[in-house]
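Here's the structure we're looking at; comments come further down.
The values are calculated or read from the model by the stated rules, or taken from the named source; none is laboratory data. No experiment lies behind these values; they were computed from the predicted model shown. Using ideal geometry, Cβ is built from the backbone for each residue, glycine included, and neighbour counts are taken over all protein chains shown. Keep in mind that these areas ignore ligands, DNA and RNA; they rest on the heavy atoms of the full protein, side chains included. Shrake-Rupley method; radii C 1.70, N 1.55, O 1.52, S 1.80 Å.
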Amino acid sequence: MTTATATIPAPPAHSGSLFQQAYEEVAESLDSVLAAHPAWQAARVLERLAEPDRIIRFRVTWTDDKGAIHINRGWRVQQTNLLGPYKGGLRFHPSVTEDTLRFLAWEQAFKNALTGLPLGAGKGGSDFDPKGKSDAEVNRFCNAFMAELQPQIGPDRDVPAGDIGVGGREVGYLYGAYMRLTREHGGVLTGKPLGIGGVALRTEATGYGTVAFARHMLEHKGESLDGKKVAISGSGNVALYAAERCKQQGAKVLTLSDSGGTIVCEAGLSQDQIDELKNYKEVQRGRLSDYSSPGVEYHHQIDPWGVACEVALPCATQNELDGSEAASLIANGVIAVAEGANMPCTPDAVEKFAEAGVAFGPGKAANAGGVGTSGFEMSQNSLRIPWTRSDTEQRLETMMANIHASCVEHGGGKGKAVDYVRGANIAGFTKLAEAMMQMGV
Ligand code: NDP
Ligand code: 2IT
């Protein structure tokens, strides 16, 4: 057998990429685990995991309402199917590149392992921008996208879902296109509208799960969510339901944001305001700059991180909270940060939180309730028996408690604050490494 050392293999991507950032964050946590498992090093487990099984890239051509032709790029990164079918969302946003999807698919592998469900990992999407498009245009785009994607996916092969720019409307259109092409109702996408095979609570699951994770971190410190001031970024699927759950659990939601700016409500958003914002964002597809409500102020091109709060939930996009914003949150009294988005905090921000003793829950642990509930939707579709909302809610709560406990087990230490980044990376990696060793080369 090759003599193994505990050195971290060089990142297998060009420097400065999102993938490299995400890779390094994991690799830096694994020194002791790799040192303890020379066989995993000899089998090059980390490097094999870092290279996706395959990346499918395709052209998507579609026609707008005026008859003009548009060309976009589409991808599916099939990262690993060691633990189950490839599983992860689709992102439609003009900023999407192969690097974006590689970082997301890599994060997904660890997140999905943490759920304890039989889920492999993947991510896909397109540089298509759904903003400002009619329903008919989005439908035509989804049909063209699925015409290319369909041969690559299936209920036991690869099960996509939503992400930025892909919600119930898009998943419904994509599922319709898949069904027309295959004539099969296998439930191949998750996050489907309820009437066509969706599971109760999938819409709420990522936001609700993130708040559950934040609550566990607070309780571990002897604190609670009750009465805490919370700053949330984003106003999409994750942010809105994180806001709703915070409110239900007695916290005060001070902010939400979109790419134009932030709304601040000093008294805390009411449930009526959150319901109004759900309709405004999900149905009317409005901008926060045009939203008005008593006690709510809009700040153009300002993000939420300047407000004084005890809990911060970044729920918009990657690298949206940097070191100086972390410093300002710390100066203003933040004690817990849970990532509803994928990698929203820069490495500098994460370091500052650690130095200040702020409990920091990385996305792969804190937002795993979304994909976990997608796993429940897959079970429901296979069983062909609908799950009730309380079935899903109970399982989601248990799953988030278990993920928190795994992070504490692998990231804790006597008398030390829990290092949730290290804990999540070690717990996820261990499951993947064991599966890889069991399946051979
Ligand atoms: P949505 O498309 O529903 O909402 C995204 C929100 O983030 C919008 O408010 C959007 O503002 C804002 N946003 C997106 N990109 C940018 C940007 N480049 N700069 C500033 N603001 C931006 O997406 P989701 O809520 O589903 O996803 C949010 C995050 O959560 C992502 O990181 C996603 O990967 C992650 N996630 C999602 C899960 C899910 O189940 N949906 C599960 C786990 C993680 P605007 O409208 O102005 O663009
Ligand atoms: O980042 C994520 O975990 C998601 N966008 C959800 C993936 C899924 O398959 O439900």
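Could you please find all residues in segment 307-322 being buried (at least 16 other Cβ atoms within 10 Å of the Cβ) and either more than 16 Å from ligand 2 (Cβ to nearest atom) or of a type in the set (Lys, Arg) (or both)?
Val307, Cys309, Glu310, Val311, Ala312, Leu321, Asp322
Go through (1) open to solvent by 10 Å² or more (accessible area, probe 1.4 Å); (2) in a loop (DSSP other than H, G, I, E, B); (3) in contact (Cβ under 8 Å) with a residue 12 or more places away in the chain and name the single condition Leu119 misses.
With respect to (1) open to solvent by 10 Å² or more (accessible area, probe 1.4 Å); (2) in a loop (DSSP other than H, G, I, E, B); (3) in contact (Cβ under 8 Å) with a residue 12 or more places away in the chain, Leu119 is out only on (1).
Let me spell it out: the conditions are (1) open to solvent by less than 10 Å² (accessible area, probe 1.4 Å); (2) in contact with a Lys or Arg (Cβ under 7 Å, 6 or more places away or on another chain); (3) in a loop (DSSP other than H, G, I, E, B), and Val188 meets all of them except one. Which number is the exception?
(2)
Return only the number of the condition from (1) of a type in the set (A, V, I, L, M); (2) open to solvent by 40 Å² or more (accessible area, probe 1.4 Å); (3) at positive phi that Met343 does not satisfy.
(2)
Given Gly260, Gly176, Gly222, which one is of a type outside the set (Phe, Trp, Tyr), without any contact (Cβ under 8 Å) to a residue 40 or more places away in the chain, more than 27 Å from Arg140 (Cα to Cα) and away from ligand 2 (no atom under 15 Å from the Cβ)?
When all the criteria are applied, what remains is Gly222.
Being part of a helix (DSSP H, G or I) and in contact with a helix residue (DSSP H, G or I) (Cβ under 8 Å, 6 or more places away or on another chain) is the filter; apply it to segment 150-171 and report the residue that is nearest to Gly372 (Cα to Cα). Even if it seems obvious, please write down each step before you answer.
Within segment 150-171, the first condition is being part of a helix (DSSP H, G or I), and the residues that meet it are 150-152, 168-171.
If we keep only those that are in contact with a helix residue (DSSP H, G or I) (Cβ under 8 Å, 6 or more places away or on another chain) as well, we get 150, 168-170.
Working: Gln150: 23, Gly168: 17, Arg169: 21, Glu170: 20 Å.
Going through the qualifying residues, I end up with Gly168.
Given the options Asp158, Asp163, name the one that is open to solvent by 10 Å² or more (accessible area, probe 1.4 Å) and within 16 Å of ligand 2 (Cβ to nearest atom).
Values: Asp158 fails: open to solvent by 10 Å² or more (accessible area, probe 1.4 Å).
Going through Asp158, Asp163 in turn, just one is open to solvent by 10 Å² or more (accessible area, probe 1.4 Å) and within 16 Å of ligand 2 (Cβ to nearest atom): Asp163.
Look through Ala200, Ala147, Ala212, Ala243 and report the one residue that is more than 14 Å from ligand 2 (Cβ to nearest atom) and outside any helix (DSSP H, G or I). So that I can check it myself, show each step before the final result.
Numbers: Ala147 fails: outside any helix (DSSP H, G or I); Ala212 fails: outside any helix (DSSP H, G or I); Ala243 fails: outside any helix (DSSP H, G or I).
Just one listed residue meets the conditions, Ala200.
Could we say that Ile69 is away from ligand 1 (no atom under 16 Å from the Cβ), farther than 23 Å from Asn139 by Cα and not polar (S, T, N, Q) here?
Working: away from ligand 1 (no atom under 16 Å from the Cβ): yes; farther than 23 Å from Asn139 by Cα: no; not polar (S, T, N, Q): yes.
When the stated conditions are applied, Ile69 does not pass them.
How many residues does segment 300-347 contain that are within 14 Å of ligand 1 (Cβ to nearest atom) and outside any loop (DSSP other than H, G, I, E, B)?
9
Tally the residues that are without any contact (Cβ under 8 Å) to a residue 60 or more places away in the chain and surrounded by fewer than 17 Cβ atoms within 10 Å (Cβ to Cβ), restricting the search to segment 413-435. Please lay out each step first, then the result.
Narrowing segment 413-435 to residues without any contact (Cβ under 8 Å) to a residue 60 or more places away in the chain: 413-416, 423, 434.
Those still in the list that are surrounded by fewer than 17 Cβ atoms within 10 Å (Cβ to Cβ) too: 413-416, 434.
Total meeting the criteria: 5.
With Glu266, Glu219, Glu276, Glu204 as the choices, which residue is open to solvent by 60 Å² or more (accessible area, probe 1.4 Å) and closer than 25 Å to Cys407 by Cα? Talk me through it step by step, then tell me what you get.
On the way: Glu266 fails: closer than 25 Å to Cys407 by Cα; Glu276 fails: closer than 25 Å to Cys407 by Cα; Glu204 fails: open to solvent by 60 Å² or more (accessible area, probe 1.4 Å).
None of the others qualify; the one that does is Glu219.
Within segment 413-441, how many residues are out of contact with any helix residue (DSSP H, G or I) (no Cβ under 7 Å at 6 or more places or on another chain) and either at pLDDT below 95 or not in a helix (DSSP H, G or I) (or both)?
Going through segment 413-441 one residue at a time, the tally reaches 7.
Can you tell me which condition Glu107 does not meet? The list is (1) within 13 Å of ligand 1 (Cβ to nearest atom); (2) within 15 Å of Ile55 (Cα to Cα); (3) of a type outside the set (Ser, Thr, Tyr), and all the others hold.
Only one criterion is unmet by Glu107, namely (2).
Ser292: surrounded by fewer than 23 Cβ atoms within 10 Å (Cβ to Cβ) and farther than 25 Å from Gln271 by Cβ, yes or no? Give the derivation first.
Details: surrounded by fewer than 23 Cβ atoms within 10 Å (Cβ to Cβ): yes; farther than 25 Å from Gln271 by Cβ: no.
Criteria not met by Ser292.
Can Asn112 be described as part of a helix (DSSP H, G or I) and either open to solvent by 10 Å² or more (accessible area, probe 1.4 Å) or farther than 30 Å from Ala401 by Cα (or both)?
Considered against the rule, which asks whether it is part of a helix (DSSP H, G or I) and either open to solvent by 10 Å² or more (accessible area, probe 1.4 Å) or farther than 30 Å from Ala401 by Cα (or both), Asn112 comes out as no.
In this structure, is Ala331 of a type outside the set (Val, Ile, Thr) and surrounded by 24 or more Cβ atoms within 10 Å (Cβ to Cβ)? Walk me through it before giving the result.
Working: of a type outside the set (Val, Ile, Thr): yes; surrounded by 24 or more Cβ atoms within 10 Å (Cβ to Cβ): no.
In short, no.
Only one of (1) within 21 Å of Ala341 (Cβ to Cβ); (2) out of contact with any strand residue (DSSP E or B) (no Cβ under 8 Å at 6 or more places or on another chain) is not met by Leu288, so which one is it?
With respect to (1) within 21 Å of Ala341 (Cβ to Cβ); (2) out of contact with any strand residue (DSSP E or B) (no Cβ under 8 Å at 6 or more places or on another chain), Leu288 is out only on (2).
Here is a check on your reading of the model: is Lys416 closer than 23 Å to Pro304 by Cα and among the basic types (Lys, Arg)? Give the derivation first.
Working: closer than 23 Å to Pro304 by Cα: no; among the basic types (Lys, Arg): yes.
When the stated conditions are applied, Lys416 does not pass them.
Filter segment 353-382 for residues that are in a loop (DSSP other than H, G, I, E, B) and away from ligand 1 (no atom under 12 Å from the Cβ); which is surrounded by the most Cβ atoms within 10 Å (Cβ to Cβ)? Write out each step before concluding.
Within segment 353-382, the first condition is being in a loop (DSSP other than H, G, I, E, B), and the residues that meet it are 356-358, 362, 367.
With the extra rule that they be away from ligand 1 (no atom under 12 Å from the Cβ), the set shrinks to 356-358.
On the way: Ala356: 15, Gly357: 11, Val358: 21.
If we take residues in segment 353-382 being in a loop (DSSP other than H, G, I, E, B) and away from ligand 1 (no atom under 12 Å from the Cβ), then Val358 is surrounded by the most Cβ atoms within 10 Å (Cβ to Cβ).
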